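Below is one structure, written out as structure tokens, with a few remarks after it.
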Amino acid sequence: MPLKDRCKLLIARLLIKLGRLRFDDFTKEELHELIADLFPHRFSLNIPIGTGSLNVQEGEIAFDNENNKLVLQSLATINIDVANNTLYRAHLVVVSSATPQYDEISKTVLLTHINIDTITLVNDNYALIQDSRYLLNKFFPQGINNLVTSSLRSAMSLFTVGTSDVAAEYLKLYLSGSKQAVLDYHKPQINQAIQSELNTANLSHTMRESHWREALFARVGRSVRVEDDRLRFYLV
């Protein structure tokens, strides 16, 4: 640690003894620096047919003071492709939250009670959903459309012959033409993909001796809470 920072550490400890320093705050901007390397991040979605992906492009931290929660609002894109054709794409806002805790023994800040709170569709020019006519034109053998005189729903039944019941029902979902309906169907897969990633991720931060503020908290820190739109580290 540089001499200048060691001096800051000594002054801070003196202020604590004098009762002039009770806590240290980390602002939204400082926390953003800590998570900058997490984006962009791609998740694969488990869907009945084709391939699905969720790309989280960027995230912004917010504070839930009342519930002692750190909130992450992320902009993401979802893409569903079947046979190299894009059937669905959309921008989403994914809001997740977690409770910060501090372990004095390991000198580590942990995130617990992690939840995916909301997944919201953004209706913009990027949004795309292919209808049943597109599916028929793309996937029926050449010329078969000329033989289809029944309703689109019946035609889709012909289209899905030979696929599993789950895959067939999935493709019929596009008959509604509703971007929201398709998103609602995929929400469980999105939740599962994110939760699986979180289960293997390191969601902790051990105080570093090379940073005087963190070294101070490692010596005299007791707890951490979300207060006054800050991540507040309480000292002795």
Within region 163-194, restricting to residues that are modelled with pLDDT under 80 and either among the β-branched types (Val, Ile, Thr) or closer than 30 Å to LEU10 by Cα (or both), the one that is surrounded by the fewest Cβ atoms within 10 Å (Cβ to Cβ) is VAL166
For region 113-127, pairs from a residue that is of a type in the set (Gly, Ala, Ser) to a residue that is part of a strand (DSSP E or B), with Cβ under 6 Å and 6 or more apart or across chains, are ALA127/ALA90
Checklist entry - Do we have VAL109 as among the hydrophobic types (A, V, I, L, M, F, W, C), surrounded by 13 or more Cβ atoms within 10 Å (Cβ to Cβ) and closer than 30 Å to ARG213 by Cβ here? => result yes
Residue set PHE43, PHE63; condition of a type in the set (Phe, Trp, Tyr) and at pLDDT 95 or above; output residue PHE63
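For region 1-101, give me every one of the strands (runs of 3 or more DSSP E) that falls completely inside it and has 3 or more residues that are open to solvent by 50 Å² or more (accessible area, probe 1.4 Å) and under 30 Å from ALA181 (Cβ atoms).
41-45, 51-64
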Taking region 195-231 and keeping residues touching a residue at least 60 places away in the same chain (Cβ under 8 Å), outside any loop (DSSP other than H, G, I, E, B), open to solvent by 20 Å² or more (accessible area, probe 1.4 Å) and not acidic (Asp, Glu) leaves GLN195, LEU198, SER204, HIS205, THR206, TRP212, ARG213, ARG219, ARG222, SER223, ARG225, ARG230
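The values are calculated or read from the model by the stated rules, or taken from the named source; none is laboratory data. The structure displayed is predicted, hence computed values, not measured ones. Cβ coordinates were reconstructed from backbone atoms using ideal geometry, including for glycine residues, and neighbour counts include every protein chain displayed. Just so you know, the surface numbers come from the protein's heavy atoms only, side chains and all, with ligands and any DNA or RNA stripped out. Shrake-Rupley method; radii C 1.70, N 1.55, O 1.52, S 1.80 Å.
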